[in-house]
Amino acid sequence: MFSDPTKILFQFSLAHVDNRAVIDDPRFRFVDKNRVCHFFDEWSLEECRETDELPWLMLPNVYQRHRISSLTATFLCEKCAKHSDFLNGTETESTGVSFGDGGSVSSFHERMPKAELHLHIEGTLEPELMFDLASRNRVALPYKSPDEVRKAYEFSDLQSFLDIYYQGTRVLLRDRDFYDLTWAYLQKAHEQNVRHAEIFFDPQAHTERDVPIPAIIDGIHQALRDGEQRFGISSKLILSFLRHLSGEDAMRTLEAALPYRHAFAGVGLDSSECGHPPEKFTDVFARARDEGLFVVAHAGEEGPPDYVWQALDTLGASRIDHGVRSVEDPALVERLRSQRIPLTVCPLSNVKLRVFESIENHNLPQLLDAGLCVTINSDDPAYFGGYINENFQAVDEAFQLTLHQLRTLARNSFEACFMDESRRSRLLEELDTIFTAGGTLPIRCDPGPS
Ligand code: HPA
Ligand code: ZN
């Protein structure tokens with residue numbers, strides 16, 4: 001009966017529901033003798049009675065073959081339409097997996113501990129903070145209000161976004177500004193159960209406005225230290241080079257930053273991809289590797305698979321940011337798969353920047369099916385409509401991800417990050433407890449309007 005290890009069947013009593021039952025969670029399906037009878041947004045009790053069996057509630061795609069010890073679900077009685085009944089699951093076998101509290105249970109992806117590995121700190125500048133900093137620093141903005149800023153965030157491609165993104169950075173002038181920006185992100189990350197963050201900053205976007213490198217790095221670094229103390233979020237800072245500028249400019253930037261080497265751990269490559277291949281930056285990445293910095297690079301977002309090869313073989317990248325166009329080259333997919341080279345995928349970004357027409361057209365399922373070490377990230381959340389959980393939510397809704405897939409995405413984030421092994425093991429264990437004894441899986445049991 002429990003032949004499929006990715007499904008849980010749960011038998012429960014319907015004794016005190018006497019009419020149609022409606023449950024408001026698309027993850028649930030009813031099955032009749034192991035056969036799925038409906039997806040249920042709506043389910044008729046009479047139909048199930050006809051089977052002369054207690055129906056099975058199937059919680060699709062739960063990772064482990066646990067039988068559930070208890071379940072409380074809230075049903076809306078359509079007949080009276082006013083009240084909801086609580087149904088208590090019959091205990092079939094003790095497993096320790098407990099479900100839900102019948103009420104304010106958040107989604108699984110919200111509860112999962114996770115790492116954010118592709119986040120540009122300048123891309124977390126919310127319009128309200130942009131206005132605060134503009135007034136603090138007396139910088140004129142071409143917008144009248146935060147709402148007007150948000151309305152301007154319609155992009156046709158990467159470049160159209162970058163033009164606005166660099167304009168936004170003009171309000172960042174002093175270490176305190178970088179501190180406030182980073183602190184605001186960390187609060188959000190904490191709310192979303194981010195346990196570890198690897199964060200890009202673009203020094204050249206600031207030094208070209210004569211902001212001194214120590215002001216940038218000190219402000220961000222201090223906030224990251226405070227975030228670790230206050231929220232327990234570990235982090236790594238990644239100095240990212242702007243690829244539309246020259247390799248020499250990147251080298252000068254690295255040299256100027258090296259006196260603050262203690263504050264950053266890696267280097268990256270971002271900005272306008274097309275026409276700026278990774279090989280332009282061979283020397284500066286070699287220098288960074290000599291300094292013991294880890295190497296990542298944006299590639300295969302708008303640019304061709306060849307840029308991903310170059311990032312790996314010429315720059316020595318151990319992780320690729322975006323990389324979604326890798327699927328166009330089967331040999332590249334095999335390389336990424338066999339060497340477990342992670343891709344930091346940013347679904348909402350990809351839709352906003354028209355890499356994919358819609359979230360439903362995103363190739364995340366293809367990347368997962370290919371066995372790649374894919375992670376979900378937010379890129380520039382203030383510009384793209386959401387932080388890491390909103391990214392998870394978007395793909396979860398679009399693809400009805402299985403809990404196994406969600407778990408894999410969170411596991412991948414801890415596998416793909418740069419952290420010491422003892423912390424990695426602890427975080428993986430914490431993730432595992434959600435699926436095993438004593439953990440809690442979420443069930444949204446919104447009874448609907450009463
Ligand atoms: N791609 C390239 N450069 C960037 C991005 C991005 O998504 N966000 C900020 N700089
Ligand atoms: Zn990015």
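The values are calculated or read from the model by the stated rules, or taken from the named source; none is laboratory data. These figures come from a predicted structure and were not determined experimentally. No Cβ is skipped: glycine too gets one built from the backbone with ideal geometry, and neighbour counts run over all protein chains shown.
For the structure I just gave you, tell me whether F281 is under 13 Å from S240 (Cα atoms), of a type in the set (F, W, Y), in contact (Cβ under 8 Å) with a residue 40 or more places away in the chain and buried (at least 21 other Cβ atoms within 10 Å of the Cβ). Yes, satisfied.
Before we move on, is L332 in contact with a Phe, Trp or Tyr (Cβ under 7 Å, 6 or more places away or on another chain) and within 30 Å of Y153 (Cα to Cα)? It is false that L332 is in contact with a Phe, Trp or Tyr (Cβ under 7 Å, 6 or more places away or on another chain) and within 30 Å of Y153 (Cα to Cα). Report whether or not S272 is surrounded by fewer than 22 Cβ atoms within 10 Å (Cβ to Cβ) and within 14 Å of ligand 2 (Cβ to nearest atom). Yes. From the list V296, V324, V284, the lone residue that is β-branched (V, I, T) and either more than 14 Å from ligand 1 (Cβ to nearest atom) or over 21 Å from the mean Cα position of the chain (by Cα) (or both) is V284. Checked against (1) in contact (Cβ under 8 Å) with a residue 24 or more places away in the chain; (2) under 28 Å from F155 (Cβ atoms); (3) out of contact with any Leu (no Cβ under 6 Å at 6 or more places or on another chain), H404 passes all but condition (2).
Is it true that some residue in segment 286-294 is at pLDDT 95 or above, within 25 Å of P347 (Cβ to Cβ) and either more than 16 Å from ligand 2 (Cβ to nearest atom) or touching a strand residue (DSSP E or B) at 6+ places or on another chain (Cβ under 9 Å) (or both)? Yes - at least one qualifying residue is present in segment 286-294. Quick one: would you say L133 is part of a loop (DSSP other than H, G, I, E, B), assigned by TED's automatic domain parsing to the domain that holds Q400 and more than 16 Å from ligand 1 (Cβ to nearest atom)? When the stated conditions are applied, L133 does not pass them.
When you scan segment 294-308, do you find a residue that is free of Cβ contacts under 8 Å to residues at least 12 places away in the same chain and not polar (S, T, N, Q), even just one? Scanning segment 294-308, I find no residue that is free of Cβ contacts under 8 Å to residues at least 12 places away in the same chain and not polar (S, T, N, Q), so the answer is no. Would you pick out the residues in segment 335-344 that are among the hydroxyl-bearing types (S, T, Y) and either away from ligand 2 (no atom under 16 Å from the Cβ) or at pLDDT below 95 (or both)? The one that is among the hydroxyl-bearing types (S, T, Y) and either away from ligand 2 (no atom under 16 Å from the Cβ) or at pLDDT below 95 (or both): S338. Would segment 225-233 turn up any residue that is closer than 19 Å to H118 by Cβ, surrounded by 15 or more Cβ atoms within 10 Å (Cβ to Cβ) and within 16 Å of ligand 2 (Cβ to nearest atom)? Among the residues of segment 225-233, not one is closer than 19 Å to H118 by Cβ, surrounded by 15 or more Cβ atoms within 10 Å (Cβ to Cβ) and within 16 Å of ligand 2 (Cβ to nearest atom), which makes the answer no. Remark: I238 falls outside the filter, which requires a residue to be crowded, with 19+ Cβ neighbours inside 10 Å, under 26 Å from R319 (Cα atoms) and away from ligand 2 (no atom under 16 Å from the Cβ).
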